[in-house]
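Undergrad: Handing you a structure now.
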Amino acid sequence: MAAPRILIVEDDEAVRELLRFVLRQHHFEVHEAGDAKTARNVLVKTQPSVILMDWMLPGMSGIELTKILKADKVTQQLPIIVLTAKGEEEDKVRGLNCGADDYVTKPFSPRELIARIRAVIRRTVPHEGDEPAHFRGLSLDPIIHQVKANGEALELGPTEFRLLHFFLTHPDRVYSRAQLLDWVWGANSFVEERTVDVYVRRLRGALENYDYAQCIKTVRGVGYQFATARATTSAESL
């Protein structure tokens, strides 16, 4: 899979240029924004795997933008690494308390920054692990690529398998089509967002006879959710 895309939110052009150079050297796809408003516009069009967020931005600060993104169901799972010249422990704690996933103090080592980006990505993509996933008689084993419903083996295509793996390891959270494309298909996949609808429909069809299809909810205007609360009605149609 190609390297994930990174959104740099930084008002200093010199710092953006340095970050752009370092990230592209390591084959990351780079997007940029000089302020909070531009960053939010970028997020409407693309779904980064990590946001590098400057603490001090013109207008809305990076800390305030981080709080907003982490409070929004669509963006709350986006990993955010705060970049700042502030190095006091109290500032670091404040940054992490606002929802940031990590903290890097300027001036930073390029090697350390790349290592932290990759570590954050590993922590936030548990569905790529080898641990079996379970939900009320539905089990998925990623090592032997097997899915069982109440002890009966199910035949799933590779994409439906990855989609179910993601849902089982990320229950009850709502994900947009763009987010699902990034996490299931890959950050640099070149497929239409409606492709997600096709595979959700196929996955529901495979699970329908076992009463698990209704767990995959369509959240209109947002995306999809694997709901673990006991459902009383069928999942919404696409």
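The values are calculated or read from the model by the stated rules, or taken from the named source; none is laboratory data. These numbers were taken from a predicted model, which means no experiment stands behind them. Positions of Cβ are generated from backbone atoms using ideal geometry, with glycine treated the same way; all protein chains shown enter the neighbour counts.
Undergrad: Can you tell me how many residues within segment 114-151 are within 19 Å of the chain's Cα centre (by Cα) and either farther than 19 Å from TRP183 by Cβ or modelled with pLDDT of 85 or more (or both)?
TA: The total comes to 5.
Undergrad: List every residue pair whose Cβ atoms lie under 7 Å apart, where the two residues are 6 or more positions apart in sequence or sit on different chains, the first residue falls within segment 160-186 and is farther than 20 Å from GLY221 by Cβ, and the second residue, located anywhere, is among the charged types (D, E, K, R).
TA: From residues that are farther than 20 Å from GLY221 by Cβ, the pairs are GLU160/ARG202; VAL184/ARG162.
Undergrad: Quick check: is even one residue across segment 50-60 of a type in the set (Gly, Ala, Ser) and either within 26 Å of TYR224 (Cα to Cα) or in a helix (DSSP H, G or I) (or both)?
TA: No, because not a single residue in segment 50-60 is of a type in the set (Gly, Ala, Ser) and either within 26 Å of TYR224 (Cα to Cα) or in a helix (DSSP H, G or I) (or both).
Undergrad: When the residues of segment 1-34 are filtered to those that are loosely packed, with under 15 Cβ neighbours inside 10 Å and small (Gly, Ala, Ser), which remaining residue is farthest from ARG116 (Cα to Cα)?
TA: Checked segment 1-34; the qualifying residue farthest from ARG116 (Cα to Cα) is ALA14.
Undergrad: Contact list please: Cβ distance under 8 Å, first residue in segment 106-119 and under 16 Å from PRO48 (Cα atoms), second residue of a type in the set (Val, Ile, Thr) and assigned to a helix (DSSP H, G or I), pairs at least six apart or on different chains.
TA: Filtered contacts from segment 106-119: ILE114/VAL22.
Undergrad: While we're looking at this one, here's another question. If I ask for residues that are of a type in the set (A, V, I, L, M, F, W, C), modelled with pLDDT of 90 or more and crowded, with 20+ Cβ neighbours inside 10 Å, which ones from segment 64-81 would you list?
TA: Selection gives LEU65, LEU69, ILE80, ILE81.
Undergrad: Do you know which of the residues in segment 155-167 that are surrounded by fewer than 21 Cβ atoms within 10 Å (Cβ to Cβ) and within 17 Å of TYR210 (Cα to Cα) is farthest from the chain's Cα centre (by Cα)?
TA: Ranking the candidates gives GLU155 first.
Undergrad: Something else about it: Take segment 37-56 and flag every residue that is buried (at least 23 other Cβ atoms within 10 Å of the Cβ) and farther than 16 Å from GLN179 by Cα.
TA: Passing the criteria: ALA39, LEU52, MET53, ASP54.
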